[in-house]
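See below for the structure under consideration.
The values are calculated or read from the model by the stated rules, or taken from the named source; none is laboratory data. Keep in mind that what you see is a predicted model, and the values were worked out from it rather than measured. Using ideal geometry, Cβ is built from the backbone for each residue, glycine included, and neighbour counts are taken over all protein chains shown.
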Ligand code: C2O
Ligand code: CU
């Protein structure tokens with residue numbers, strides 16, 4: 001296991017508007033544990049603006065890039081130096097349940113001044129991330145996240161051609177500082193979640209990266225925004241998709257539609273072969289005009305030697321769902337602004353207007369708001385589970401299953417068709433129905449929640465058990 005300082009920060013090198021980040025304060029302890037401290041730190045989020053106080057892992061947001069080889073152990077000593085309990089969740093890793101980092105379900109939250117040792121094996125190669133899982137809407141929103149890259153055991157893209165791009169949107173005030181006062185606004189919880197007004201990549205404002213013409217690059221995009229679905233168009237620079245949520249596709253595919261929607265918590269690995277003299281940018285397309293937030297300068301005159309030189313990624317060993325033998329669990333999503341509120345209960349009592357405001361619960365799964373005592377379902381280990389989600393709200397949601405990747409088997413009400421990819425987070429639009437399937441092969445208690453973090457806090461969280 002290594003901390004990948006050089007690669008991760010190379011991004012800063014060519015950037016015109018880049019902020020120089022503080023060095024890491026990390027240590028690989030004698031016993032092989034990587035120490036990750038949750039600590040407040042000052043960071044500038046906007047060019048030439050005063051710093052903001054963020055909550056960080058080891059002094060920067062994002063925290064250190066952790067790199068391991070597939071099948072290798074990840075050992076992290078988490079030390080909480082904040083004034084609030086916290087925990088680390090390893091997003092997308094099919095992990096030992098005790099290491100999943102969910103307070104109240106898999107561990108006690110780590111109190112201020114205390115520590116917790118995470119020790120697990122990373123079974124799948126690919127692009128993952130880690131983040132706080134206590135009051136995530138606040139803790140992740142303030143900067144407690146970092147990339148976790150699991151390398152293939154065979155040679156693929158070398159360090160120069162493998163780039164991790166952690167994308168966050170921040171809500172900045174007039175001074176270009178993190179707008180702390182607007183955290184937790186009821187409006188965000190009942191509508192589309194907290195949306196920022198400024199984008200950083202690896203904590204840097206509008207960086208530039210230099211790529212060589214004709215060479216194949218792997219860009220690992222990680223959306224760590226609280227709630228923003230990034231609208232991107234990789235077709236503008238002829239990028240192909242290598243992997244969704246860490247899991248490689250059998251072959252790289254071109255995006256059949258635009259814009260490509262990358263929801264909170266999703267990752268996409270893009271294959272890019274820059275053309276001579278054709279600089280390009282990653283742009284966010286949801287506004288009136290495209291907002292470029294990462295520029296690529298293309299140097300050199302190389303033309304490449306065609307697809308043969310593109311490294312191939314081998315699919316990870318995931319158990320194939322057996323649809324004929326599956327157990328089906330319907331999940332109805334209701335609530336939210338302009339939505340249905342009838343028949344929602346919270347902590348065993350009906351949720352009325354007043355209690356809704358007071359408890360800040362606005363959404364429900366099958367009529368229940370927020371992490372019920374009773375699990376959504378119990379599956380026998382090895383059983384195929386189909387979850388049929390119906391989004392009866394006026395909002396899209398980024399649904400995430402812990403501990404398992406699933407296949408998208410069927411979508412209704414959407415024109416998007418990506419085949420049946422493996423994912424750990426998927427977007428479901430208003431009035432859409434989506435069937436996902438997976439083999440419940442990982443024993444323990446697992447969360448299922450919306451990864452728009454305000455929605456998760458405001459009711460969109462449940463759990464299931466594999467026994
Ligand atoms: Cu990244 Cu429970 O989530
Ligand atoms: Cu949601």
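In the range 272-288, the count of residues that are under 26 Å from residue 452 (Cβ atoms) and free of Cβ contacts under 8 Å to residues at least 12 places away in the same chain is one or more. Inclusion of residue 271 among residues that are crowded, with 18+ Cβ neighbours inside 10 Å, away from ligand 1 (no atom under 16 Å from the Cβ) and part of a loop (DSSP other than H, G, I, E, B) is not warranted.
The set of residues from the range 63-81 being farther than 18 Å from residue 122 by Cβ and either surrounded by 22 or more Cβ atoms within 10 Å (Cβ to Cβ) or not assigned by TED's automatic domain parsing to the domain that holds residue 126 (or both) comprises just one member, 80. Checked against the criterion of being closer than 20 Å to residue 462 by Cα and within 30 Å of the chain's Cα centre (by Cα), the range 279-296 contains not a single residue that satisfies it. Search the range 369-399 for residues being modelled with pLDDT under 95 and either out of contact with any strand residue (DSSP E or B) (no Cβ under 6 Å at 6 or more places or on another chain) or in a strand (DSSP E or B) (or both), and hand back the single one that is nearest to ligand 2 (Cβ to nearest atom). This residue is 369. The criterion of being touching a strand residue (DSSP E or B) at 6+ places or on another chain (Cβ under 7 Å), within 16 Å of ligand 2 (Cβ to nearest atom), assigned to a strand (DSSP E or B) and at pLDDT 95 or above holds for residue 333. Tally time: how many residues in the range 169-192 are within 18 Å of the chain's Cα centre (by Cα) and over 20 Å from residue 288 (Cα atoms)? Qualifying residue count for the region: 0. Only one of the listed residues (137, 129) is out of contact with any strand residue (DSSP E or B) (no Cβ under 9 Å at 6 or more places or on another chain), modelled with pLDDT of 95 or more, within 14 Å of ligand 1 (Cβ to nearest atom) and outside any loop (DSSP other than H, G, I, E, B). That residue is 137.
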